[in-house]
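Undergrad: This is the structure, below, for whatever I ask next.
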Amino acid sequence: MKGIGVSPGISIGKAFVLKKPEAALTGVLLNNEIEILLEIERFDLAVSHAVAEIESIKANAQLSLQDEELAVLETQIELLTDPQIKADVTQKIENGKNNAHDALVEVIGNFVRLFESMDDQYMRARSADIKDIGRRILNLLDKSGKVTAPEFDPDTIVIAEDISPSDTIAMDIKHVVGFATQTGSRTSHTTIIAKSKGIPAVVGCGEELGTVVNNDIIILDGINGIVYINPAQEIIDDHTIKREAYLRQSAKLKALKDISAITSDGEKITLSANISGADDLDDAFYNGCVGVGLLRTELLFMDRDSFPTEDEQFEFYKNVALGSKNNTVIVRTIDIGGDKHLPYFNLPAELNPFLGYRAIRICLDRKDLFMTQLKAILRASVFGDLKIMFPMISNVQEIRSAKSIVAQAKAELLNNHIAFNADIKLGIMIEIPSAAITADILAKEVDFFSIGTNDLCQYTLAVDRMNEKISHLYDPFNPGVLRLIQKVIEQGHKHNIGVGMCGEMASDPLATLLLLGMGLTDFSMSAAAIPAIKNIIISNSIKKARDIYKNVMEMDSSEKIIAYLQEAAQ
Amino acid sequence: MISKDYMIIAPQGIHARPATTLIRLTKNFKSAVSLKRGDKVVLLNSMLNILSMTIKGGETISVIVEGEDEANAAEAIDLFFTEQLKDL
């Protein structure tokens with residue numbers, strides 16, 4: 001079965017088909033009136049979060065959804081907020097002293113049985129909708145405590161229609177050796193998680209993957225994007241050999257970890273890691289990073305019921321600073337909105353969320369949230385070499401506003417006699433075309449740039465990277481995108497500020513020499529990608545890279561550019 | 001209180017989509033709206049209760065509207081059962 005290989009490697013293992021588990025009763029009884037009230041409140045909150053989830057699905061997919069599909073989502077909202085469910089659940093909590101989980105499981109079970117027993121075929125089929133909304137509320141209810149994540153045997157390959165952020169948040173992946181999904185693309189959530197963990201993955205396999213059952217023997221070839229279900233012995237033997245060869249190769253790459261990334265003609269290149277928290281640091285250093293080019297802070301805000309306090313955030317940044325062994329850590333201020341939502345922060349549904357209320361736009365509007373984060377980062381800045389980076393900057397005014405809020409945060413800390421690094425460096429993501437084009441103007445305002453190629457590519461080419469129908473147009477080797485990147489690097493050098501890259505392109509072996517030739521010296525990527533990129537750097541010269549860059553800039557299409565780069569890599 | 005009988009003009013009856021529309025329509029009014037068939041009466045605010053009546057095309061049901069804006073509500077509901085339901 002053919003899919004898209006999005007995370008390299010070969011794995012052989014047993015299938016675990018990820019389905020939302022059937023909920024069991026907990027048997028917990030509530031003790032008093034206060035617990036009863038709290039439990040009812042918890043239920044109401046879960047319902048409103050569930051409605052918000054559906055609203056965001058509607059908003060994200062508005063353009064490609066058929067009327068029919070939208071109607072299904074509208075019906076789901078009505079079912080979620082059905083007063084009969086609310087009344088029955090409340091009654092069970094109040095009179096039966098059940099917790100919200102058990103009350104809901106019983107109420108949903110009753111309705112499912114009622115509908116399943118109907119004569120009408122259409123109504124019988126509705127029992128699936130009721131189960132589905134029940135599961136959705138249950139997931140949200142259980143999040144705030146008793147998460148029942150599936151337990152995996154060693155060598156498990158997770159098979160799913162798609163893997164959502166909430167699935168992976170709950171998943172213990174230590175025994176997972178592969179992911180295969182029916183839907184998805186190179187930039188979907190499954191891909192990002194698999195790559196960052198170095199686990200082979202094939203996405204977009206289609207409905208055929210739905211025939212897999214638990215414990216089927218699966219071979220997953222993440223290099224070529226192929227999935228075998230219960231293959232013949234010779235195919236297993238063949239892939240066992242391939243797998244060994246691949247592992248030897250990656251072990252060789254791992255051996256590179258203590259070698260500096262210096263080109264054969266002596267140019268020192270900085271390879272740093274993209275991480276989501278202190279837990280990722282071990283893996284990053286194991287792969288040979290020198291510092292963190294991107295600390296995403298969204299994880300700190302996810303999987304909870306309210307915004308983290310300044311102290312909670314401080315602990316998070318402090319742990320990263322302490323774990324970074326005095327290497328530079330670039331902290332990106334929160335980038336929510338777009339496809340990332342927080343259950344407790346109700347963002348209204350938007351027609352074009354990627355062009356909407358997100359990242360720095362939210363921070364400049366909700367100064368209270370921004371201030372809390374900035375103060376926490378500043379406080380942590382005495383424990384390591386932290387830098388602050390603002391995402392989604394489109395003009396100089398946003399930089400000035402953000403800097404003035406940083407100044408306010410510093411003043412508050414000073415007034416309260418709290419220590420911070422007064423000279424903390426400030427930078428911006430270059431991911432909006434206007435920022436790339438005006439890099440000469442913006443360079444005067446900040447200490448560094450970091451090029452975010454995923455969004456820069458999506459905005460420059462007007463290609464929604466969540467839309468699978470046009471994924472072939474999402475092309476970082478488009479000459480227009482390459483010229484923007486080159487201009488940003490050039491302007492950074494001209495104004496003597498640092499320029500790095502933290503998008504997907506930084507980890508693409510095909511792009512490495514081209515970017516070196518453009519003058520890029522700071523690459524930040526998922527830890528697992530570092531050895532391969534380092535290997536390219538130490539085996540090549542800047543001179544060769546410059547020649548490649550010159551030739552590429554004379555080519556008129558990405559087909560030619562990609563073919564040329566593939567040839568040059570041989 | 002206003003009560004009126006309607007024959008269901010949608011061949012598929014009151015399935016999820018018209019039920020969604022109907023619930024949202026009645027939310028615009030303060031009046032309580034209920035559906036009655038035989039002895040069974042349900043409030044028109046619960047999708048599950050409406051669906052569980054399994055109202056099929058060609059059947060006749062009563063709609064009961066009661067409240068301060070019942071005249072306006074009854075008018076909107078009348079339009080729903082006589083016109084809009086055809087297209088849902």
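Values quoted throughout were computed directly from the atomic coordinates according to the rules given, and no laboratory measurement underlies them. Keep in mind the model is a prediction, meaning the values are calculated, not measured. Note that we place each Cβ from the backbone using ideal geometry, even for glycine, and neighbour counts take in every protein chain shown.
Undergrad: To the nearest 0.05, what FRET efficiency results for A:GLN566 and A:HIS417 with a Förster distance of 56 Å applied to their C-beta separation? Kindly include the intermediate steps, with their values, before the conclusion.
TA: Values: r = 59 Å, r/R0 = 1.05.
It comes to 0.40.
Undergrad: Once you have the Kirkwood Rh of the range A:272-323 from its Cα pairs, apply Stokes-Einstein at 37 °C and 0.692 mPa s and quote D in µm²/s. Let's see the in-between values first.
TA: Details: Rh = 11.6 Å.
Result for D is 284 µm²/s.
Undergrad: Listed highest first by mean packing, meaning other Cβ atoms within 10 Å per residue, what order do A:487-499, A:285-297 come in?
TA: Details: A:487-499: 18.5, A:285-297: 22.8.
Ranked from most to least packed, the peptides come out as A:285-297, A:487-499.
Undergrad: Here's another thing I want to ask about it. Which length gain, in nm to one decimal place, applies between A:TYR122 and A:ASP153 when the Cα-Cα distance is subtracted from 0.36 nm times their residue separation?
TA: Numbers: separation 31, 0.36 × 31 = 11.16 nm, distance 3.93 nm.
So the chain would gain 7.2 nm between A:TYR122 and A:ASP153.
Undergrad: Oh, and also: May I ask you to order A:515-525, B:41-51 by the average number of other C-beta atoms within 10 Å around their residues, highest value first?
TA: Working: A:515-525: 23.5, B:41-51: 20.6.
Highest-to-lowest ranking by the protection proxy: A:515-525, B:41-51.
Undergrad: Mind jotting down the three principal axis lengths of the range A:368-452 based on Cα atoms? Whole angstrom, largest first.
TA: So the three principal-axis extents are 41, 24, 21 Å.
Undergrad: Viscosity 1.567 mPa s, temperature 4 °C: give me the Stokes-Einstein translational D for the protein assembly as shown in µm²/s, with Rh taken as the Kirkwood radius over C-alpha pairs.
TA: Working: Rh = 27.9 Å.
For these conditions, the coefficient is 47 µm²/s.
Undergrad: Going by Cα centres, the range A:8-47 and the range A:320-335 are how many Å apart?
TA: The two parts, judged by their Cα centres, are 34 Å apart.
Undergrad: Which FRET efficiency, nearest 0.05, do B:LEU79 and A:LEU473 yield, Cβ-Cβ r, R0 60 Å?
TA: Working: r = 45 Å, r/R0 = 0.76.
The value I calculate is 0.85.
Undergrad: Could you tell me the number of lysine pairs in the range A:339-438 with C-alpha atoms less than 15 Å from each other, where the two lysines are 8 or more residues apart or belong to different chains?
TA: Step by step, the pairs that qualify in the range A:339-438 add up to 12.
Undergrad: Need one number: nm distance between label points at A:SER539 and A:GLU94, each 7 Å from Cα along Cα→Cβ, rounded to one decimal.
TA: 7.2 nm
Undergrad: At R0 = 56 Å, how high is the FRET efficiency between A:HIS493 and B:LYS36 if r is their beta carbon distance? Nearest 0.05 is fine. Can you show the working numbers first?
TA: On the way: r = 78 Å, r/R0 = 1.40.
That gives a FRET efficiency of 0.10.
Undergrad: Right, another one. Bins of 10 Å, beginning at zero and ending with the bin holding the largest distance: percent of Cα pairs per bin for the range A:267-569, please.
TA: 6, 27, 36, 23, 7, 1, 0
Undergrad: Determine which lysines satisfy two conditions relative to B:LYS56: a Cα distance under 29 Å, and not lying fewer than 8 residues away in the same chain.
TA: Straight-distance partners of B:LYS56: A:LYS86, A:LYS131, B:LYS4, B:LYS27, B:LYS30, B:LYS36, B:LYS40, B:LYS86.
Undergrad: I would also like to ask the following. How many nm is it between the label spots at A:ILE259 and A:ARG304, if each spot is 7 Å from the Cα in line with the beta carbon?
TA: It works out to 4.2 nm between the two label points.
Undergrad: What is the spin-label model distance, in nm, from A:GLU559 to A:ILE173 if the labels are put 7 Å beyond Cα along the C-beta direction?
TA: 3.6 nm
Undergrad: Once fully extended, how much extra length lies between A:ALA245 and A:SER401, figured as 0.36 nm per residue of separation less the alpha-carbon to alpha-carbon distance? Each step should come with its number before you reach the end.
TA: Numbers: separation 156, 0.36 × 156 = 56.16 nm, distance 5.32 nm.
Gain on stretching A:ALA245 to A:SER401: 50.8 nm.
Undergrad: Compute the whole-percent fraction of alpha carbon pairs in chain B spaced more than 16 Å apart.
TA: Details: 1771 of 3828 pairs.
Considering chain B, 46 percent of its Cα-Cα pairs are separated by more than 16 Å.
Undergrad: Specify the inter-centroid distance of the range A:456-509 and the range B:60-88, based on alpha-carbon positions, in whole Å.
TA: 56 Å
Undergrad: Please give every one of the lysines within straight-line cross-link reach of A:LYS14, meaning a C-alpha to C-alpha distance under 22 Å, and leave out same-chain neighbours fewer than 8 residues apart.
TA: A:LYS2, A:LYS174, A:LYS195, A:LYS197, A:LYS242
Undergrad: Just tell me which lysines come within less than 30 Å, Cα to Cα, of A:LYS543; anything on the same chain fewer than 8 places away is out.
TA: Qualifying lysines at Cα under 30 Å: A:LYS252, A:LYS254, A:LYS257, A:LYS268, A:LYS444, A:LYS487, A:LYS494, A:LYS534, A:LYS560.
Undergrad: Expected output is a single nm value to one decimal: the length gained when fully extending between A:VAL28 and A:LYS14, i.e. 0.36 nm times separation in residues minus the C-alpha distance. What is it? Can you show the working numbers first?
TA: Details: separation 14, 0.36 × 14 = 5.04 nm, distance 3.49 nm.
Roughly 1.5 nm would be gained on extension.
Undergrad: Would you calculate a helix-derived [θ] at 222 nm for the protein assembly as shown, using -39,500 (n - 2.57) for each DSSP H run of n ≥ 4 and dividing by the full residue count, to the nearest 500?
TA: Values: 25 runs with 301 residues, N = 658.
So the calculated ellipticity at 222 nm is -14000 deg cm²/dmol.
Undergrad: For the range A:336-405 and the range A:268-306, what is the centre-to-centre distance using only Cα atoms, to the nearest Å?
TA: About 18 Å separates the Cα centre of the range A:336-405 from the one of the range A:268-306.
Undergrad: If you split all Cα-Cα distances of the range A:483-549 into 5 Å bins from zero, what percentages do you get per bin, shortest first?
TA: 3, 18, 29, 26, 17, 6, 1
Undergrad: In nm², what is the average projected area of the convex hull enclosing the Cα atoms of the range A:415-570? Intermediate results must be reported in sequence, preceding the final value.
TA: Values: hull surface 46.9 nm².
Across all orientations, the range A:415-570 yields a mean hull projection of 11.7 nm².
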